[in-house]
Amino acid sequence: MNQVKKVLGLVWIVFGLTAYGLLLKTCSEQIELKPTTDTIIQWSIFAIIFLPIAIGFLIFGWLAFQGAYDNLPESSEAVEE
Amino acid sequence: MQTGNAPNQIRKVIFASSVGTLIEWYDFYIFGSLAPIIAAQFFPKGNPTAALLSTLATFAAGFIVRPFGALVFGRLGDKVGRKYTFLLTLILMGGSTFAIGLVPGYETIGFAAPLLVLMLRLVQGLALGGEYGGAATYVAEHSPAHRRGFFTSWIQTTATLGLLLSLGIILITRKSLDQDAAASIRAFESWGWRIPFWFSIILVGMSIYIRLKMHESPLFSKLKAEGKTSVNPIKESLMHKGNLKMVLLALFGATMGQGVVWYTGQFYAQTFLETACQVDFEQTRTILIWAIIFATPLFIVFGYWSDKIGRKWIIMVGLLLAVFSYRPIYQQMLQITDTQKSVADPSATRIESVINPASGKDYSLQTTTTLQFYQNGITERRVHADTLFADGTERSGSNDKISKELPEQSYWAIVALIFIQIVFVTMVYGPIAAFLVEIFPTKIRYTSMSLPYHLGNGVFGGMTPFIAVLLGTIYTGDVLVGLWYPIAVAAVCLVIGVIYLNNRIDPDVND
């Protein structure tokens, strides 16, 4: 199971990059199609708020790949180690 | 240290925490439910700056600032204490909600009006970001290990009950401002919408009184007495690798899926019924009210059950059911409300036309209402507006406003379909407070659990209706296309949750 968790870590990294790339592509297409204030604001908000989420996803994938989730902590001391 | 409390004591803790949290959700949702009326009052069409403020205020601000509220008030809660922090969030929420009801319209004070509303909406979002984590932590830290899921599930009912209360108060106010139904609706849209906002201050006042009598969480008090509280909870939550990995796991393996399921079942469903199915305003609200009333006890059932079998699998099964049944459920909703495959009785069709002169203008407005009665029992009301000028010319309104009134059988069938969706909500949401409390240490618990919760619910979940509607405007060929957003997010969350989460119930949150 730990091997699956690690391999999937790479999948999450690729997935995070692809999903955010697709979002940016859709944003630019939609703004180009209808460059009104509402469209620009709406799609820019999506691009901005999902950026930290995408970065978080990459970190999650990286941590999984590194084996950080092989054993989950069972106490607060273990979390803080 | 014993975290269990006498039954009477824990009941007081749950009641005081839940009432305050319920009121905060009420405050937050009345703005969303009244968004079109608020936009008309404060954000005039045709002005680009006002349009920008409208987009920000009604579309995103309240949801996006929730994670920031989680950080600001989470830090305070981990440093100063749970009790005073969520007392503060309650005061901020109540004050800002009441103030929204006082802001004069754009016609009176110009741009100050939308700016004030935007600022107050931001305060609402920040306060909500700080409230939930405090209440859940507070209750969990008073609960014995074997009943943590059950006790915290009461807090989990508050979001749905807050929505229920907001729908109820809005409907009652909308109907009771005048004996004539149409005049009552007009009065509500003109000034009566302010009443639900003012009503909040009474609820908040009561809740503050109740919360002032509460004591600090025993676990936090012990930590504080020992000088072990965190110096910098935000830094410890996000910069410490061991804790950051749990924050990310909680977000991607639980709360992001839970967030989209929550907002699909209770918000997108409402939008879909009103826009895609064109069900009447009042019926849409009462359908949701009935479904919520029937499903709410299940929050407690699943919370209780999570103490027996663990939190993980209840949440995961809820996600799984949502992923596979959303499209069939919404397809069924479309079919039930469809009139195209049914025949209208032409002899029963009624047409009423009313001409109202526009005061001080050289034109009148002609409103033509056509009522059609279909074989499947649906009554369709089509309202068409024309402008009649004094010189005899006429300008036809571009869009007819259609609303359908469902017969009893169809009405209850839709209630059942919404109920099923809220059952999924109860499965993913009922046990999640206990789950979040158990994976973070006491000294940074408020901050650490609030962040993934509000990212999952504020960003992933709160955006669901908007993203789903936007998808519908891009891919116009499929009326159900908006569902792919919650389905995809819930599916990814399900895979991550199944593989990476464990099903362990923490026997001791006192660490």
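The values are calculated or read from the model by the stated rules, or taken from the named source; none is laboratory data. Not measured: the values here are computed from a predicted model. Because the Cβ atoms are built from the backbone with ideal geometry, glycine has one as well, and the counts that use them run over all protein chains shown.
Laid out as a table, the results:
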| item | result |
| --- | --- |
| Within segment B:110-216, helices (runs of 4 or more DSSP H) holding 1 or more residues that are more than 16 Å from the chain's Cα centre (by Cα) and over 28 Å from B:Val383 (Cα atoms) | B:112-142, B:148-175, B:194-212 |
| From B:Met206, B:Met214, residue being touching a Lys or Arg at 6+ places or on another chain (Cβ under 7 Å) and aliphatic (A, V, I, L, M) | B:Met214 |
| Matching residues, segment B:383-411, being surrounded by fewer than 15 Cβ atoms within 10 Å (Cβ to Cβ) and of a type in the set (Lys, Arg) | B:Arg395, B:Lys401 |
| Top-ranked residue of segment B:440-466 - restricted to ones that are of a type in the set (A, V, I, L, M, F, W, C), assigned to a helix (DSSP H, G or I) and under 21 Å from the mean Cα position of the chain (by Cα), ranked as nearest to B:Gly62 (Cα to Cα) | B:Val459 |
| Unique residue being over 19 Å from the mean Cα position of the chain (by Cα), assigned to a helix (DSSP H, G or I) and more than 9 Å from chain A (Cβ to nearest Cβ) when the list is B:Val437, B:Val479, B:Val469 | B:Val437 |
| Candidate set: segment A:1-37, residues that are within 12 Å of chain B (Cβ to nearest Cβ) and of a type in the set (Phe, Trp, Tyr); chosen: the one surrounded by the fewest Cβ atoms within 10 Å (Cβ to Cβ) | A:Phe15 |
| The listed residue being within 13 Å of B:Pro465 (Cα to Cα), in the same structural domain as B:Leu436 (by TED's automatic domain parsing) and of a type in the set (S, T, N, Q), out of B:Thr296, B:Thr271 | B:Thr271 |
| Close pairs (8 angstrom Cβ cut-off, 6 or more residues apart or separate chains): over 19 Å from B:Lys235 (Cβ atoms) in segment B:432-445, of a type in the set (Phe, Trp, Tyr) and in a helix (DSSP H, G or I) anywhere | B:Ile432/B:Tyr453; B:Leu436/B:Tyr453 |
| Residue list for segment B:229-273, restricted to those being farther than 23 Å from B:Asn457 by Cα and out of contact with any Lys or Arg (no Cβ under 6 Å at 6 or more places or on another chain) | B:Val231, B:Asn232, B:His240, B:Lys241, B:Gly242 |
| B:Thr296 within 20 Å of B:Trp25 (Cβ to Cβ) and crowded, with 24+ Cβ neighbours inside 10 Å | no |
| From the options B:Lys175, B:Lys213, B:Lys224, residue that is more than 14 Å from every other protein chain (Cβ to nearest Cβ) and touching a Ser or Thr at 6+ places or on another chain (Cβ under 9 Å) | B:Lys175 |
| Count of segment B:217-255 residues which are surrounded by fewer than 22 Cβ atoms within 10 Å (Cβ to Cβ), among the polar types (S, T, N, Q) and not in a helix (DSSP H, G or I) | 3 |
| Matching residues, segment B:482-511, being away from chain A (no Cβ under 12 Å) and hydrophobic (A, V, I, L, M, F, W, C) | B:Leu483, B:Trp484, B:Ile487, B:Ala490, B:Leu494 |
| Helices (runs of 4 or more DSSP H) completely within segment B:261-368 that count 3 or more residues being of a type in the set (A, V, I, L, M) | B:281-295, B:297-309, B:312-336 |
| Test: residue in segment B:338-351 that is crowded, with 18+ Cβ neighbours inside 10 Å and at pLDDT 90 or above | no |
| Options B:Ile467, B:Ile414, B:Ile418, B:Ile422; residue that is within 30 Å of B:His146 (Cβ to Cβ) and surrounded by 18 or more Cβ atoms within 10 Å (Cβ to Cβ) | B:Ile422 |
| Any hit, segment B:65-86, residues being assigned by TED's automatic domain parsing to the domain that holds B:Lys224, of a type in the set (Ser, Thr, Tyr) and more than 18 Å from B:Ser33 (Cα to Cα) | yes |
| Leading residue by the ranking (nearest to B:Met239 (Cα to Cα)) among those in segment A:41-72 that are free of Cβ contacts under 8 Å to residues at least 12 places away in the same chain and in contact with a Lys or Arg (Cβ under 9 Å, 6 or more places away or on another chain) | A:Ile59 |
| Residue in segment A:40-60 that is more than 9 Å from chain B (Cβ to nearest Cβ), farther than 26 Å from B:Ile474 by Cβ, under 11 Å from the mean Cα position of the chain (by Cα) and part of a helix (DSSP H, G or I) present | yes |
| Scope segment B:193-230; condition among the small types (Gly, Ala, Ser), in contact with a helix residue (DSSP H, G or I) (Cβ under 9 Å, 6 or more places away or on another chain) and modelled with pLDDT under 80; matching residues | B:Ser217, B:Ser230 |
